[in-house]
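Below is one structure, written out as structure tokens; the observations come after it.
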Amino acid sequence: MQASTASAPLIEVRHLKRYFGSKDRPVRAVDDVSFAIHPGETLGLVGESGSGKSTIGRTVLRLLERTDGQVLYRGDDIAALSGERMRQLRSKLQIIFQDPYASLNPKMRINAILGEALSTHGLAKGPGERERRIAELLQTVGLRPEHASRFPHEFSGGQRQRIGVARALAVEPEFIVADEPLSALDVSIQSQVINLLADLRERLGLTMLFISHDLDVVEYLCDRVVVLYLGRVMEVATTAELFARPLHPYTQALLAASPKPDPLIVSEAVPLKGDIPSPIAPPSGCVFRTRCPHAIAACAQTVPTLDEESPGRFTACSRKDLRIALAS
């Protein structure tokens, strides 16, 4: 599904910051991040481990409180909502967790796990409707109604993740954060969950923030992509534009490091060297400059702004000459 970006955003993130630790020495996990997600759109959020992807996902849902900035749902700042209003909104904003082994209570049967969400939000009137809805949810994610009486340990990793998807769908959400939902699964069953998410997106018109380090999956599943490095946005583009012609040196390096199905394909991009710096003491100026093959002395002086290179396409790089060369 290709969402129309002409519509008003369902989710809008404005200058979001999320720091951990002390005020004297904060860990800048998310540092001035902005993006929007439109109804029916799947937005990919990519970057190396430690770039702040999961922190953004949890802060957007207010599972973590922001340090600064705004997260708007249909124009309303969710941080300003009262406890009761936020509880009501929870049914519209859901998450699929990364680890299907840790995210399901091992002491609860599946009917209790799914039924808990239905009861909390008053979506099932009476035991009969509750059981019918649970059976419906299990069938929606490719499981059988009789699975409802089992415990999580009786399922494979892929089946557990399907249950996690069913739990997110139970409250009929408008927006789902899928936080690396494939990383804990065997490669052999990842494709099943990918196809499930793609099918549900089409059938239910879901809006998703899809967090992943797997660029092949992002290319297949997402409409647009936000590239994140050390808590800051490096590039924003449609999926087709990003993979066909990446503009930021970091995006180029990420794509160069992605496995190629054809061993004869050789990327001209310089691969990344070294590790991502500590968010406790990020580099001055451009945070990527310590690993950037194109960095010059001026890159240490000014934090680059996220500039619009073409309609809907943004890049954060101080070297305008480089951006023009990459875009040509």
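Key figures for this structure:
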{"read-out": "Residue 230 hydrophobic (A, V, I, L, M, F, W, C), at positive phi and touching a Ser or Thr at 6+ places or on another chain (Cβ under 9 Å)", "value": "yes"}
{"read-out": "Any hit, the range 97-106, residues being more than 18 Å from residue 168 (Cβ to Cβ), within 27 Å of the chain's Cα centre (by Cα) and at pLDDT 90 or above", "value": "yes"}
{"read-out": "Scope the range 226-242; condition closer than 13 Å to residue 277 by Cα and among the β-branched types (Val, Ile, Thr); matching residues", "value": "none"}
{"read-out": "Condition broken by residue 87, with the remaining ones in (1) within 21 Å of residue 58 (Cβ to Cβ); (2) of a type in the set (Lys, Arg); (3) crowded, with 17+ Cβ neighbours inside 10 Å satisfied", "value": "(3)"}
{"read-out": "Test for residue 159: is it over 16 Å from the mean Cα position of the chain (by Cα), surrounded by 15 or more Cβ atoms within 10 Å (Cβ to Cβ) and modelled with pLDDT under 90", "value": "no"}
{"read-out": "Scan of the range 163-192 for residues that are under 13 Å from residue 140 (Cα atoms) and surrounded by fewer than 19 Cβ atoms within 10 Å (Cβ to Cβ), ordered by number", "value": "172"}
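Matching residues to (1) at pLDDT below 90; (2) among the charged types (D, E, K, R):
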residue: 279; (1), (2): no, no
residue: 288; (1), (2): no, no
residue: 292; (1), (2): no, no
residue: 306; (1), (2): no, no
residue: 313; (1), (2): no, yes
residue: 316; (1), (2): no, no
residue: 326; (1), (2): yes, no
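The values are calculated or read from the model by the stated rules, or taken from the named source; none is laboratory data. Not measured: the values here are computed from a predicted model. Note that each Cβ is placed from the backbone with ideal geometry, even for glycine, and that neighbours are counted across all protein chains shown.
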